[in-house]
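Notes for the one structure printed next.
Values quoted throughout were computed directly from the atomic coordinates according to the rules given, and no laboratory measurement underlies them. Nothing here was measured: the structure is a model prediction, and the numbers come from that model. In this analysis, Cβ positions are derived from the backbone assuming ideal geometry, glycine residues included, and neighbour counts consider all displayed protein chains.
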Ligand code: UDX
Ligand code: ADP
């Protein structure tokens, strides 16, 4: 927590958030909702995205978000492309831009690309006319705060002060609004100077409008930056651990859900993040682990790098293992066979497809020349084709369209199929009219449950041949 300091903390009245994505949008909408006395302006260089935030159809789907935006928009919550104005007016600026994994150059495939963070830091430096608190929200490599500080100090008007804080976001998509409403903790890293402490106190005060004081943790900048990577790496590691065990279960006949449940009852282990699946996806886990691997290598700690890299290796193995099980179960060929893919988002209750295991599995099926019909309640056809035709991964959109159909319902996707793959755990898949689906399919009708959400015994009673991840190959 903030200690006594000789610098008086400022009272935040105007917040700017640069980056209106999955992090900046929900986080700053929640701040506006909980702090009616603070004016919050969320800016982005992407006009289309800002237009969507100002429309009836928000650019991202997140349960509870629309209500909050509609309540606050135009009162103390604004969405704009006028980045400079927002910077000039704000006392505190959140930097919530994307930090994807670098595709080329030094650290390609591992390091985070800080191009967007740097360009918006430079913009803050060049347009600010008063001192600011600048808060890193994006997940960034350790020491980014130091680089931001150097850029700001070297490029801003004389006499201005920039205090950098690290305030990593721990929200998970699909539950972002409840995570923001009742966070397990809010982490605010700062320099241990009087100015740093004062800035930390100012941000603590913003959160204290709704977060209990004991949940707001003050740390050093480095610890805060590393904690974000560490938390995601540890969560992903749990999933890879249970997925590694799922492979053993499938061979031995043990049931991975029983194993996870029994392990999770140990209070030292706990039940969460032990659900075996076709693999983890999302914009954070892989990116942050790769980041940690890169950091470890840069610090000449190859054993540490190898340790974390294995979490990703296991995830890749899980996706390909699932896809191979589908092919081997369908008599070793899926050429020209119709496969229904239910779910394309990386998890339920989001339309986000970044690093979705569904895309990897579909690409594998394409290479095996299957006909794929995909249904996802929240992902658009345009997005699905974008993900399946990424340059260098597979061929062009026209070829993809010959092989892939995007459907408007699960029933449509399954009609005439020989196999169904559940790749996202959408609740609606549990309640489908399975007898009707069975009737509509080619026989033998197979279901491959990559999320372990269906009642396999009931499906078998209908006549399906069923494979569930981690449940023994029992087709
Ligand atoms: C994650 C972290 O949870 C969050 O704290 C951080 O801020 C961002 O990264 P997110 O990627 O949105 O959040 O979703 P999460 O619920 O963590 O799921 C990630 C992936 O793991 C999904 O593909 C999900 O299906 C998978 N998963 C999760 C499992 O396979 N099994 C589990 O038990 C839990
Ligand atoms: P995240 O999941 O981290 O929120 P997103 O890609 O959803 O990532 O959102 C990041 C947003 O940041 C994008 O909408 C992008 O247009 C915006 N952005 C990136 N760089 C800048 C910049 N320099 N100025 C303004 N907006 C930016």
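What is the order of 425, 214, fewest Cβ neighbours within 10 Å to most?
214, 425
Starting with the fewest neighbours, write out 33, 300 ranked by other beta-carbon atoms found within 10 Å of each beta-carbon.
Lowest count first: 300, 33.
Give me 333, 121 sorted ascending by neighbouring Cβ count inside 10 Å, so fewest comes first.
The fewest-first ordering by Cβ neighbours comes to 333, 121.
If you restrict to DSSP beta bridges whose two residues both lie in the chain, what percentage is antiparallel, to the nearest 5?
Roughly 5 percent of the beta bridges in the chain run antiparallel, per DSSP.
Could you tell me the calculated FRET efficiency between residue 85 and residue 154, based on Cβ-Cβ distance and R0 = 22 angstrom, to the nearest 0.05?
Values: r = 24 Å, r/R0 = 1.08.
So the FRET efficiency works out to roughly 0.40.
Could you give the Stokes-Einstein D for the stretch 182-245 in µm² per second, using the C-alpha Kirkwood radius, 10 °C, 1.306 mPa s?
The diffusion coefficient I find is 120 µm²/s.
What ratio of Cα Rg to 2.2 N^0.38 Å holds for the stretch 219-325? Display every interim value, and only then the final one.
Values: Rg = 15.1 Å, N = 107, 2.2 N^0.38 = 13.0 Å.
Output field value: 1.16.
Over what distance in Å are the Cα centres of the stretch 387-456 and the stretch 1-58 separated?
Cα centroid of the stretch 387-456 versus Cα centroid of the stretch 1-58: 39 Å apart.
With no solvent and one point per C-alpha, what does the Debye sum give as log10 I(q)/I(0) for the stretch 99-218 at q = 0.09, 0.23 Å⁻¹?
-0.29, -1.28
Principal axes first, then extents: for the Cα atoms of the stretch 276-468, list largest minus smallest coordinate on each axis, whole Å, largest first.
Over the stretch 276-468, Cα extents along the principal axes are 59, 39, 33 Å.
So between residue 7 and residue 258, what do we pick up on full extension, going 0.36 nm a residue minus the alpha carbon distance?
Length gained between residue 7 and residue 258: 84.8 nm.
With no solvent and one point per C-alpha, what does the Debye sum give as log10 I(q)/I(0) for the stretch 29-130 at q = 0.16, 0.18, 0.19 Å⁻¹?
-0.81, -0.96, -1.03
For the chain, what is the convex hull (Cα atoms) projected area averaged across all directions, in square nanometres?
Mean projected area for the chain: 23.4 nm², to one decimal.
For residue 369 and residue 301, what is the calculated FRET efficiency with R₀ set at 35 Å and r taken between the beta-carbons, to the nearest 0.05?
0.20
Compute the distance in nm between two label points, each set 7 Å from the Cα along the Cα-to-Cβ direction, one at residue 127 and one at residue 380.
According to this spin-label approximation, the distance is 2.6 nm.
Points 7 angstrom from Cα along the Cβ direction at residue 455 and residue 331: gap in nanometres?
Inter-label distance under the simple model: 3.2 nm.
For a label point 7 Å from the Cα of residue 251 along Cα→C-beta, name the residues of the stretch 311-345 whose backbone N is under 16 Å from it.
Of the residues in the stretch 311-345, 314, 317-318, 321-322, 325 have backbone N under 16 Å from the label point off residue 251.
Would you kindly state how much longer the chain becomes between residue 222 and residue 185 on full extension, computed as 0.36 nm times their sequence separation minus their alpha carbon distance, in nm to one decimal?
Gain on extension, residue 222 to residue 185, equals 11.6 nm.
Compute the distance in nm between two label points, each set 7 Å from the Cα along the Cα-to-Cβ direction, one at residue 214 and one at residue 409.
Placing both labels 7 Å beyond Cα along the Cβ direction yields 5.2 nm.
If the viscosity is 1.567 mPa s and the temperature 4 °C, what Stokes-Einstein diffusion coefficient in µm²/s follows for the stretch 14-211 when Rh is the Kirkwood radius over Cα pairs?
So the translational diffusion coefficient is about 76 µm²/s.
Between residue 396 and residue 71, what length comes free when the chain is fully extended (0.36 nm per residue of separation minus the Cα-Cα distance, one decimal in nm)?
Full extension of this stretch gives 112.7 nm more.
Give the span of the stretch 20-65's Cα atoms along each principal axis, as three whole-Å numbers ordered largest to smallest.
28, 23, 18
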